[in-house]
Amino acid sequence: MNPDQPKLFVLDTNVLMHDPSALFRFQEHNIYLTMTVLEELDQGKKGLSEVARNVRQVNRFIDDLMTANKNLDIKQGLPLLPLNPGNNHIETQASGHLYFETEAHSPRLPDSLPGSKNDNSILGTVLALHDEWDCDIILVSKDINLRIKASVLGIQVEDYSNDKVLDDLDLLFSGNLELPAEFWEEHSEHIHSWQRNGETFYEISGADTSEWYPNQFIYLKDNFDAIVHEKTTDTCIIRVIRNYASEHHNVWGIRARNREQNFALNLLMDPEIDIVTLAGQAGTGKTLLTLAAALVQTMDSKRYSEIIMTRVTVPVGEDIGFLPGTEEEKMSPWMGALMDNLEVLVGNDQNEPWEQKATNDLMRHRIRISSMNFMRGRTFLNKFIILDEAQNLTSKQMKTLITRAGPGTKVVCLGNIGQIDTPYLTESTSGLTYIVERFKDWDHSGHVTLKTGERSRLADYASELL
């Protein structure tokens, strides 16, 4: 086979359900859709879920291709290039063709794999294509079991990796950088400092500053903590941050217990930061810090008119079934972590019953629990939006939610990338990873990875040991 010859990629249904634009992501190579895949797309098009919307978008793409090439023989393949998907915000350099299974293939599966199953039918079609095509034929699927069976049968198979943000999660932007101990000595001739409005600034130039990002935290172990305030090609202006570990600078009674928590509070309390992403394992204080900052800026300084809490509803265990009531009542079981932290912040366990009722009534008027299912088409003005469990969202879902933010709105995304419950999502394709990497160059975004657990010694030990 000619290595320069275009390959034939056979797409599994879950690839298109995950990314409707996958048809246009294979550059000069050809795409093949089996009749089984088209049947599964037809079955998955109904409903209001993200998967159903993706399926309908795939169907529209295919229909547009057929309409644009209605004078061509469909057996010869439909060129992907004439279709202009710009209206759907897709950047594509596709120049291959889209082929369909126009006639039944004789099964070539071993007797141990019944052809009546959809996955096995796809495998049988791929095996039969080897007799018809003189090129590399590769099955693309996000289903691990299907990839295993394909490998057993000697079929070339790959995961769909076009949506991967990083090849190695260790390369994910952490939001902070420890400076070498000799940093001040090395830059002593290129540092200019001044004070303004009680804050200390340093202008630093040097080759290493070119690798810094806006709002990245720069620190030395000897209690020097600063943030990249402005960045140009040759110089960086860093600002010494506020110490929220002190009693005088607490946030709704909460003080930072470690360096990363102090970094997080500086981002959460900065009105110039429109989007904050906080990643870290359970017990690092992501939700507590965010709620404390939200309450201060909503109840005290009136910077925001309302706090909106939401999260993706992916159950860890068996689903509990239909939940009656209003939108907020339906979402309440999913918001347990937020409500537990709210109890700590308002101190209901120490108040009299009448104080508890008064506090809860006040909070109810300023805190609203919303479902992601009804976010499309909305615009939030002057809101503090808390998006919990963001690691379970796809990049497309993250875009849909973040673009709902109007003037004066702050969005905070919380999540643990090591705890993904959504099928077909991995650490490298998670929406949280996507946002961290895409926004790290923007002047109005900030990210911190929290590393130290502060929940309890039992929780910390369990996180390390189990």
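Within the range 176-191, track down each residue that is in a helix (DSSP H, G or I) and either closer than 25 Å to Asn262 by Cα or assigned by TED's automatic domain parsing to the domain that holds Val276 (or both). So that I can check it myself, show each step before the final result.
Narrowing the range 176-191 to residues in a helix (DSSP H, G or I): 183-186, 188-190.
Within the range 176-191, Phe183, Trp184 qualify.
Criterion first (in contact with a strand residue (DSSP E or B) (Cβ under 6 Å, 6 or more places away or on another chain) and either at pLDDT 90 or above or crowded, with 19+ Cβ neighbours inside 10 Å (or both)) does Arg147 satisfy it? Yes; evaluated as a whole, the condition is true for this residue.
Anything in the range 370-390 that is assigned to a helix (DSSP H, G or I) and touching a Gly at 6+ places or on another chain (Cβ under 6 Å)? List them, or say none. Once the filter is applied, which keeps residues that are assigned to a helix (DSSP H, G or I) and touching a Gly at 6+ places or on another chain (Cβ under 6 Å), the range 370-390 yields only Ala390.
Quick check on the range 38-73: of everything there that is among the aliphatic types (A, V, I, L, M) and part of a loop (DSSP other than H, G, I, E, B), which residue is surrounded by the fewest Cβ atoms within 10 Å (Cβ to Cβ)?
Pass one, the range 38-73, residues among the aliphatic types (A, V, I, L, M): 38, 41, 48, 51-52, 55, 58, 62, 65-66, 68, 72.
Narrowing the set further to residues that are part of a loop (DSSP other than H, G, I, E, B) leaves 48, 72.
Working: Leu48: 9, Leu72: 14.
Checking each candidate, the answer is Leu48.
Taking the listed residues Glu427, Glu389, the one that is surrounded by 15 or more Cβ atoms within 10 Å (Cβ to Cβ), acidic (Asp, Glu) and in contact with a helix residue (DSSP H, G or I) (Cβ under 6 Å, 6 or more places away or on another chain) is Glu427, with no other qualifying. Scanning the range 277-294 for residues that are over 18 Å from the mean Cα position of the chain (by Cα) and either outside the structural domain of Glu427 (by TED's automatic domain parsing) or outside any helix (DSSP H, G or I) (or both) yields Gly283, Thr284, Gly285.
Close Cβ contacts (under 8 Å, 6 or more residues apart or on different chains) running from residues in the range 249-261 that are on the phi > 0 side of the Ramachandran plot and crowded, with 16+ Cβ neighbours inside 10 Å to residues that are among the small types (Gly, Ala, Ser) and in a helix (DSSP H, G or I) comprise Trp252/Ala292; Trp252/Ala293.
Mind counting the residues in the range 381-425 that are farther than 21 Å from Ile273 by Cβ and free of Cβ contacts under 8 Å to residues at least 12 places away in the same chain? Summing the residues that are farther than 21 Å from Ile273 by Cβ and free of Cβ contacts under 8 Å to residues at least 12 places away in the same chain in the range 381-425 gives 1.
The set of residues from the range 235-276 being outside any helix (DSSP H, G or I), farther than 22 Å from Asp222 by Cα and of a type in the set (A, V, I, L, M, F, W, C) comprises Val251, Trp252, Ile254, Met269, Ile273, Ile275, Val276.
Restricting attention to the range 391-441, the residues being among the aromatic types (Phe, Trp, Tyr) and assigned to a loop (DSSP other than H, G, I, E, B) number 1.
What do you reckon, is Asp349 at pLDDT below 90, within 23 Å of Gln391 (Cα to Cα) and either exposed (fewer than 14 other Cβ atoms within 10 Å of the Cβ) or among the basic types (Lys, Arg) (or both)? Spell out the reasoning first.
Values: at pLDDT below 90: yes; within 23 Å of Gln391 (Cα to Cα): no; either exposed (fewer than 14 other Cβ atoms within 10 Å of the Cβ) or among the basic types (Lys, Arg) (or both): yes.
Against the criterion (at pLDDT below 90, within 23 Å of Gln391 (Cα to Cα) and either exposed (fewer than 14 other Cβ atoms within 10 Å of the Cβ) or among the basic types (Lys, Arg) (or both)), Asp349 does not qualify.
Restricting attention to the range 7-37, the residues that are surrounded by fewer than 17 Cβ atoms within 10 Å (Cβ to Cβ) and either modelled with pLDDT of 90 or more or within 20 Å of the chain's Cα centre (by Cα) (or both) total 1.
The values are calculated or read from the model by the stated rules, or taken from the named source; none is laboratory data. Model, not experiment: these values are computed from the prediction. When we count neighbours, we look across all protein chains shown, and the Cβ atoms used for this are built from the backbone with ideal geometry, even at glycine.
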